[in-house]
1. Quick check on the stretch 87-110: of everything there that is open to solvent by 100 Å² or more (accessible area, probe 1.4 Å) and not in a loop (DSSP other than H, G, I, E, B), which residue is modelled with the lowest pLDDT?
2. Filtering the stretch 111-132 down to residues that are in a loop (DSSP other than H, G, I, E, B) and exposed (fewer than 10 other Cβ atoms within 10 Å of the Cβ), which residue is modelled with the lowest pLDDT?
3. Which count do you get for residues in the stretch 64-79 that are touching a helix residue (DSSP H, G or I) at 6+ places or on another chain (Cβ under 8 Å) and farther than 30 Å from LEU29 by Cβ?
Amino acid sequence: MSDTIQKHDIPEELLDQLLAQVDDPKELLGSGGLLRSLMGRLVEKSLEVELTQHLGYDKGAERAGDNARNGSTPKTLITEAGKVAVRVPRDRAGSFEPELVRKHQRRLEGFDDRILALYSRGMSVPGPRPGR
């Protein structure tokens, strides 16, 4: 194994914080385990970033146009880790076409490759907001 640091290395403190919630190995890899929860949250956060870029303004900020956020729709994805429940954000105009999880898509394979592809095409992660 290489000693070089990669962009996707996760800080030890974050891993410790996540694993502190796990008392039993089943809680890590089981059907309602930490791995699936983490994957679901990563998908949801990525979709929120995509919607923010689509709309042109951050959540909670003043609208940049006529279109606006309009809640979310539940979806169950089939992944290499099993079934993962996510909430896909919507816009009022119905023009939001997510790239990570396309409309009507149920199977999510190659999750890492998709995230990297989005970032290589210029998707950015919003920085911390003032007061947080």
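1. Among them, the one singled out is ARG107.
2. ARG132
3. Summing the residues that are touching a helix residue (DSSP H, G or I) at 6+ places or on another chain (Cβ under 8 Å) and farther than 30 Å from LEU29 by Cβ in the stretch 64-79 gives 5.
The values are calculated or read from the model by the stated rules, or taken from the named source; none is laboratory data. Since the structure is predicted, the reported quantities are computational estimates derived from the model, not experimental observations. Heads up, the Cβs are rebuilt from the backbone with ideal geometry, glycines too, and the neighbour counts pull from every protein chain shown. SASA here: full protein model, heavy atoms, side chains in, ligands and nucleic acids out. Shrake-Rupley method; radii C 1.70, N 1.55, O 1.52, S 1.80 Å.
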